[in-house]
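> Dumping the structure here so I can ask a few things about it.
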């Protein structure tokens, strides 16, 4: 068992609720078309003046309050977002500054495993805590995913995404609380091109290849190829994750999946054999919040009282690349 416990959670969504029927009007489609195409009825998006770092700080403060930890007692800050505010410097640095910690020498850096970033950051946090390098670690995932979407070419994919942030505070394992047993991530790199936002890095030079840069400045996804790969790999991965935790599948009390899409969640339930009432699903009202999805769903489950003494919790998801990852936690 990793020597770490979840001490607190917090979340902050974009303040505007954007209904699919509103987008139908914009696209010139009949009411109900987009919800039928993507399964999402509504998603939060940022309103004018709201920022990625603003949502991050709001979620972080809620998580710190929930944990009973002062911001100045954070020994490590990890930004776990798929797309940061800008390529350089790290978004974690900005979040640290916005939390009023500019004069604190504690490290802050980004961990990017796209949709699995928060899960990957949990393992980094647990390793720091276990090595005695940190006592309190703050993980923040904040996404504005409503930008750079392919509304003209692939509205069913574009309709999946929303904006939001979630934060976790981890500390040493203690007598009570939700303890992190294990984290596992496997990467199947044949899926590198299945989900991509090609522009913004070194691949396309804005100054010499402006047209190519602009043409590739939209998110794109090969849903069929992604579905085929995850369908073939996910059940065995879950089996290995359960084996590492020494759990049987029917002992898992609560499954907190990445809210990729309503179709993806339905497939996971059918293919992997989890009882439907044990799987937390929020995607029809939140959309896909990318890296903020898993920690926000975990926060929702905690605040709804679904995690009690003795509860065995599994986090599970996929990410661009393609990676499959998860974590096991136990009270």
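> Given the conditions (1) over 24 Å from residue 202 (Cβ atoms); (2) in a loop (DSSP other than H, G, I, E, B); (3) without any contact (Cβ under 8 Å) to a residue 24 or more places away in the chain, and given that residue 86 satisfies all but one, which numbered condition is not satisfied?
So residue 86 meets the others, but not (1).
> I would also like to ask the following. Would you check if residue 102 is part of a loop (DSSP other than H, G, I, E, B), closer than 20 Å to residue 52 by Cβ and more than 17 Å from the chain's Cα centre (by Cα)?
When the stated conditions are applied, residue 102 passes them.
> Please indicate, with yes or no, whether at least one residue in the range 224-232 is touching a helix residue (DSSP H, G or I) at 6+ places or on another chain (Cβ under 6 Å), on the phi < 0 side of the Ramachandran plot, surrounded by 17 or more Cβ atoms within 10 Å (Cβ to Cβ) and assigned to a helix (DSSP H, G or I).
yes
> Mind checking which residues of the range 34-52 are in contact (Cβ under 8 Å) with a residue 12 or more places away in the chain and part of a helix (DSSP H, G or I)?
Matches in the range 34-52: 34, 35, 37, 38, 52.
> Same structure, new question: In the range 308-324, which residues are closer than 19 Å to residue 178 by Cα and either in a strand (DSSP E or B) or touching a helix residue (DSSP H, G or I) at 6+ places or on another chain (Cβ under 6 Å) (or both)?
Result: 312, 313, 314, 315, 316.
> Using the structure shown, decide if residue 293 is closer than 22 Å to residue 55 by Cα, outside the structural domain of residue 57 (by TED's automatic domain parsing) and surrounded by 18 or more Cβ atoms within 10 Å (Cβ to Cβ).
Criteria met by residue 293.
> Taking the range 256-292 on its own, how many of its residues are within 28 Å of residue 46 (Cβ to Cβ) and assigned to a helix (DSSP H, G or I)?
11
> Here is a further query. Tell me yes or no: at least one residue of the range 212-220 is without any contact (Cβ under 8 Å) to a residue 40 or more places away in the chain and closer than 24 Å to residue 327 by Cβ.
No, the range 212-220 has no match at all.
> Assigned by TED's automatic domain parsing to the domain that holds residue 300 and either more than 28 Å from residue 89 (Cβ to Cβ) or surrounded by 15 or more Cβ atoms within 10 Å (Cβ to Cβ) (or both): does that describe residue 157?
no
The values are calculated or read from the model by the stated rules, or taken from the named source; none is laboratory data. Here the structure is a predicted model, which means the values were calculated and not measured. With ideal geometry, Cβ positions are generated from the backbone for all residues, glycine too; neighbour counts draw on all protein chains shown.
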